[in-house]
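Shown next, in structure tokens, is the structure this report addresses.
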Amino acid sequence: MYKNLDDKFSLPGLADEMLDFWAKDDTFNKSVNEKDPKKHFTFYEGPPTANGLPGIHHVIARTVKDIICRYKTMQGYRVNRKAGWDTHGLPVEVEVEKQLGLKSRHDIYEFGAINFNEECKKSIFKYLSQWEILTQKMAYWINLDDAYVTFHNEYIESVWWALKKFFDAGLMVKGFKILPFCPICESPLSSHEVAQGYVDLKDPSVYVTFKIKNEEYKDTEFLVWTTTPWTLPSNVALCVNPTSDYVLINTKKDEKFILSESRLSVVKDEYEIVKRFKGTELEGMEYEPLFSFMEVEKKAYYVTLGDFVTLDDGTGIVHIAPAYGEDDYNIGQKYDLPVLQAVYRDGLFVKAAGKYAGRNFKECDPDLILELKANGRLYKKEMFTHSYPHCWRHKVPLMYYATDSWFVKTTTYKDKMIEMNKQINWNPPEFGSGRFGNWLEENKDWAISRNRFWGTPLPVWYYLDDDGKEVYECVGSIEELKKKSTNFDEVYKDIPFDLHKPYIDNIKLVSENGKEMKRVTEVIDCWFDSGSMPFAQYHYPFENKEWFEENYPADFIAEGVDQTRGWFYSLHAIGTFLFDKPAYKNLIVNGLILDKLGKKMSKSVGNVVNPFDMMDKHGADVLRWYLVGNSPIGKSKNFNEDEMVDVKNKFFDTLINTYKFFVLYSNMIGFDYTASEKVDVNERQEIDRWIISKLNSVKKKYFENLEGYEITKAIRVVHDFTIDELSNWFVRRNRKRFRYPENEADKNSAYQTLFECLREIVKMIAPVSPFIAEKLYCNLLPNEGSVHLSEFTNFDEANIVNELEEQMAMAQEIVYLVRAVRVKNNLKVRQPLRQLLVPVLSEEEKNRLLRVKDIILEEINVKELKILEGDSDIIVKKAKPNFKSIGPKFGKDVKQVQKIILSFDKADISELQKAGKVEKEGFTFTNDDVELFTENIEGWIVESNNAVTIALDTKLDKELADEGFVREFINRVQNYRKNNDFEVNDKISIFVKTNDEINSILSNNTEFIKKEVGCEKMGNKILEGKEYINTDINDVYCEFYIEKI
RNA sequence: GGGUCAGUAGCUCAGUUGGUUAGAGCGCGUGCCUUAUAAGCACGAGGUGGGAGGUUCAAUUCCUCCCUGACCCA
């Protein structure tokens, strides 16, 4: 006996039962440990931070990871799944600041760095339990007990090892760079952080004039455009594009300006062009500064040249403030310009700035503009809106600010990164070639230092040499630290060993030449931590050398598109340099999850989807399927709960009902797959071989797609097969046969076929929807153990028979056409009809049709199929052009040729069929040029589509009408049974009240009716006091009374 | 401002090495079928394939420009 799903069965309710089963069975560990270590598939888990709550976007990435890992497991691979936690960096610090009410850097110092870092450590796993519950509930199999944690000393040591590799190669250096800088954090932000904080800002854009000093252009001014008036006091130069054309103009108001010729549209008044220059001719021209409160030590205030100057907006002349822009800084370097910093790193103007001193840089824009206007230096002012980066937690505009920072010089091996990227299989591919590829092309050195507290300390110590220059050494291991340190034991005398600040700051080293060295104060970008996970998770190279070498690069990783410049990059940048190989071979990138209207989910809007709610309501199986199946994974997804319910109703309910059907009838009729005598597939009925062929075609596509990491395509194939092929055709067509099989062999053939389909579907969906797959598998094969421990590697090519699939497609096509004719002629399917005519064009087609004849006739309730052979006189054949063939052949004449072919008459067509070619109006046509079809059958109502034409005999004779009547009657009785919840095996008596004609029809068919409706007694005795059911059948009045026996 | 992707029915998505009636599901209307089905089937309504050009005998598909949206970057 097979176990059926009980009435209370629900998908959400299944989770606990299955989790319990896996826990007792230790299924996950078995699925890894019982596999051959030699045949491994390496997966890297991108570490989340557990100090924030998990959201729906985490569910999609983890579903993708889980699907591939489970799939590879079933393919026989050993897939180790070590979890990881990202624990350093600003997100953690921010949480702590919020908790403790610390508002600035100063507050943190007051609170004390030791205490602060202790708080950070405590805060890391604030939501760990939520993450664990999510992991469980969504059935994400990962080893949480053995997770790597980025703040552990061993992990940090591995990161140090990597940093030292960079340092020793001269690729980790201290530099002065323009970085986005938050005035409140007083720290540069990583590009990742910047990306989180773009806000639309209304800013002034001003055109200002710079007076030229040269005698020759005494009254002439440079017209310059800027969107950051606050940088003007720090101006030291102007810059023009060397190859562009500039003009000197004289306006109606007698103003003389120099600007780019292609930007003349910004001039307010009429003007005439006085003189033209190439950009290069302007180089070196001096001008008077706008503001004078900053002192300059070097030559400044002249025109420079720069390729970066564009002519898309502004005036083609750019003002240069080297401290506040990257291009500006580079020009400053090139021309040895002084660096003025009228605004300090805290975002406030410096003391020397007079009335601006101590005020925020952005807030001074209006006053600066006023002052420019007062001095006659303002040409015009506009407001414009642009998206400007803000600090994502302090919500203040960032400054681009020149600051000391440590860099990894990734640009030196950029080409290698680009080369290696080509070896990576990106899914979807355009992310790799486009988004990531372009990012690599424009690679910038990686600013890895942070002036913060909670992070991997930069393992660099320094002393000052005789010239006062800093000399650096980098430490690459704890052992090295101990060896070089003079005070290691002292520092860690009373506290446990901890590589973090501030303890590490107290460690003094001795340099190679005997000098005492102090540590630099910075920590590193936490993206360097996570990018080091391939080796740091196993404390390589200090331990697990062999393991690492075997498991690098990863076979597979998956994360959201937001990781392109995050983790995908940090893995790639670190891996390429250290190991000369990409860090991963395949990856799947999932798109963002938006709300159902396509808006970003945000707490303030209140449109955030809670994954726990979704799983509680619909079950993780459905959620997982929906997330990866409903739209391509790489596209952003508008999350819509209603659509998820559709997935449940259509796919899961169909599968479950098919399963229930199998169990119900197996148990009723006494079938057990394992005990039954196997019928070879070739011995089975045509329809069985057909569904087995379909099944194997589906498996083939499933494997192909998953091997290409195409999850969505893979599961859509299974989805369609389950609903269309298996449930709506195979099971429906065979219902009678399952109830009343012809013989033992037929029974086994039918049931074994259905069983095998179910089993294979269950295996195919196991990676995607692991709970329901497990439940059904264990019920179907109670002695086999978990589906997730089963092997699933191949399909049976020999059982794929195209001919079978084609002939069934033809049958379905014909059935479809007949139904259409019936509807148009108001003939219910219940009404039997005499005959169906189908013309065929070849012997092959005829034979194909004969093989599916019975299926067609039964499906459409017609008595006979008459096949009209090609030469039958009553078929009217027509020809239509095959453009694929005639296009290249006739070129420009195609339109004319089309007309000719459409006008082919019977003689033309028969000549073409006989001779293989026909000549007409000077053109020669062959079989390939023409598609023949049956347009009409004389004297019949026809229906046709591209492939087939049918004609249906719609005339009714007495026999047919009677039979139709009987079927109607049976239908009424069955409906009654169903509506009154009769069991299938309940026997009934029927009493009918109707006219004589009907009575005679019914009594002529009593035996048939009895059999169909499970009736033992049927008569027209009139029972008094019973409630008869009124109905009418084909407009004839009829009453009946039914009694359960 | 630059990059990537997308824009196909009311919604979610297929498809197209360029071939002349562009498909499915959901939703809507009508009818039908059913003793596994909160299912299914048929018919119908619903599409200027984002817009404009170009290449071609032929463009939803290739090219150019533009518009809109999402994301990434400045």
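The values are calculated or read from the model by the stated rules, or taken from the named source; none is laboratory data. As the structure is a computational prediction, the values presented were derived from the model and not from experiment. So basically every Cβ, Gly included, is an ideal-geometry build from the backbone, and we count neighbours across all protein chains shown. When the accessible area is computed, the model is the full protein with side chains, heavy atoms only, and any ligands, DNA or RNA have been set aside. Shrake-Rupley method; radii C 1.70, N 1.55, O 1.52, S 1.80 Å.
The figures follow:
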read-out	value
Hey, A:Arg834 more than 16 Å from RNA strand B (Cβ to nearest atom), open to solvent by less than 70 Å² (accessible area, probe 1.4 Å), in contact with an Asp or Glu (Cβ under 7 Å, 6 or more places away or on another chain) and not hydrophobic (A, V, I, L, M, F, W, C) or not	yes
Pair list, Cβ < 6 Å and 6+ apart or interchain, from the stretch A:498-514 residues that are under 21 Å from A:Ile524 (Cβ atoms) to residues that are of a type in the set (A, V, I, L, M, F, W, C) and assigned to a loop (DSSP other than H, G, I, E, B)	A:Lys501/A:Phe453
Criterion: open to solvent by 50 Å² or more (accessible area, probe 1.4 Å) and more than 10 Å from RNA strand B (Cβ to nearest atom) - qualifying residue of A:Leu857, A:Leu850	A:Leu850
Residue check for A:Ser532: open to solvent by less than 30 Å² (accessible area, probe 1.4 Å), under 22 Å from the mean Cα position of the chain (by Cα) and either hydroxyl-bearing (Ser, Thr, Tyr) or modelled with pLDDT under 90 (or both)	no
Answer residue from the stretch A:591-606, given it is open to solvent by 60 Å² or more (accessible area, probe 1.4 Å) and within 7 Å of RNA strand B (Cβ to nearest atom) and is modelled with the lowest pLDDT among those	A:Lys600
Selected residue (only one of A:Lys395, A:Lys355, A:Lys334, A:Lys381 is among the basic types (Lys, Arg), over 44 Å from the mean Cα position of the chain (by Cα) and not in a helix (DSSP H, G or I))	A:Lys381
Restricting the stretch A:866-885 to residues that are within 13 Å of RNA strand B (Cβ to nearest atom) and open to solvent by 90 Å² or more (accessible area, probe 1.4 Å), the residue that is nearest to the chain's Cα centre (by Cα)	A:Lys884
Residues that are open to solvent by less than 40 Å² (accessible area, probe 1.4 Å) and outside any helix (DSSP H, G or I), drawn from the stretch A:84-103	A:Gly84, A:Trp85, A:Asp86, A:Thr87, A:His88, A:Gly89, A:Leu102
Residues that are open to solvent by 10 Å² or more (accessible area, probe 1.4 Å) and either under 18 Å from A:Asp525 (Cα atoms) or touching a residue at least 40 places away in the same chain (Cβ under 8 Å) (or both), drawn from the stretch A:104-126	A:Ser104, A:Arg105, A:Ala113, A:Ile114, A:Lys121, A:Phe125, A:Lys126
Matching residues, the stretch A:585-600, being among the basic types (Lys, Arg) and in contact (Cβ under 8 Å) with a residue 60 or more places away in the chain	A:Lys585
Any chance A:Phe730 is away from RNA strand B (no atom under 12 Å from the Cβ), touching a Ser or Thr at 6+ places or on another chain (Cβ under 9 Å) and not aliphatic (A, V, I, L, M)	no
Sole exception among (1) farther than 30 Å from A:Asp555 by Cβ; (2) of a type outside the set (Asp, Glu); (3) more than 16 Å from RNA strand B (Cβ to nearest atom) for A:Phe703, by number	(1)
Qualifying residues in the stretch A:793-810 (those that are more than 34 Å from the chain's Cα centre (by Cα), of a type in the set (A, V, I, L, M) and modelled with pLDDT of 85 or more) - the one most open to solvent (accessible area, probe 1.4 Å)	A:Ala798
Qualifying residues in the stretch A:886-925 (those that are assigned to a strand (DSSP E or B) and surrounded by 17 or more Cβ atoms within 10 Å (Cβ to Cβ)) - the one nearest to RNA strand B (Cβ to nearest atom)	A:Phe925
The one condition in (1) free of Cβ contacts under 8 Å to residues at least 60 places away in the same chain; (2) assigned to a helix (DSSP H, G or I) that A:Ile68 fails to fulfil	(1)
Residues satisfying the stated conditions in the stretch A:982-1031, i.e. among the hydroxyl-bearing types (Ser, Thr, Tyr), modelled with pLDDT under 80 and away from RNA strand B (no atom under 16 Å from the Cβ)	A:Thr994, A:Tyr1028
Scope the stretch A:563-576; condition open to solvent by 10 Å² or more (accessible area, probe 1.4 Å) and either without any contact (Cβ under 8 Å) to a residue 60 or more places away in the chain or more than 9 Å from RNA strand B (Cβ to nearest atom) (or both); matching residues	A:Gln563, A:Tyr569
Close pairs (6 angstrom Cβ cut-off, 6 or more residues apart or separate chains): closer than 18 Å to A:Leu655 by Cβ in the stretch A:1-26, not in a helix (DSSP H, G or I) anywhere	A:Leu11/A:Gly619; A:Pro12/A:Gly619
Pick from the stretch A:402-450, criterion at pLDDT below 85 and among the aliphatic types (A, V, I, L, M), ranking: farthest from A:Val460 (Cα to Cα)	A:Leu440
Single unsatisfied condition, A:Trp446 versus (1) of a type outside the set (Ser, Thr, Tyr); (2) open to solvent by 50 Å² or more (accessible area, probe 1.4 Å); (3) within 16 Å of RNA strand B (Cβ to nearest atom); (4) touching a residue at least 40 places away in the same chain (Cβ under 8 Å)	(2)
Index of the failed condition, A:Asp928 passing every other in (1) open to solvent by 40 Å² or more (accessible area, probe 1.4 Å); (2) closer than 30 Å to A:Asn728 by Cβ; (3) of a type in the set (Asp, Glu)	(2)
Residue match in the stretch A:246-265 (condition: touching a residue at least 60 places away in the same chain (Cβ under 8 Å) and open to solvent by 10 Å² or more (accessible area, probe 1.4 Å))	no
Any pair with Cβ under 9 angstrom, 6 or more apart, that starts in the stretch A:613-635 at a residue that is over 19 Å from A:Val717 (Cα atoms) and modelled with pLDDT of 85 or more and ends at one that is open to solvent by 30 Å² or more (accessible area, probe 1.4 Å) and among the hydroxyl-bearing types (Ser, Thr, Tyr)	A:Gly619/A:Ser10
Residue satisfying condition, being more than 13 Å from RNA strand B (Cβ to nearest atom) and open to solvent by less than 70 Å² (accessible area, probe 1.4 Å), within set A:Val628, A:Val679, A:Val663, A:Val645	A:Val679
Residue, nearest to RNA strand B (Cβ to nearest atom), within the stretch A:449-464, restricted to residues that are open to solvent by less than 10 Å² (accessible area, probe 1.4 Å) and not aromatic (Phe, Trp, Tyr)	A:Ser449
Any pair with Cβ under 7 angstrom, 6 or more apart, that starts in the stretch A:808-830 at a residue that is within 10 Å of A:Glu943 (Cβ to Cβ) and ends at one that is charged (D, E, K, R) and open to solvent by 10 Å² or more (accessible area, probe 1.4 Å)	A:Leu817/A:Glu943; A:Ala820/A:Glu943; A:Val821/A:Glu943
Residue within the stretch A:845-859 that is outside any helix (DSSP H, G or I) and in contact with a helix residue (DSSP H, G or I) (Cβ under 9 Å, 6 or more places away or on another chain) present	yes
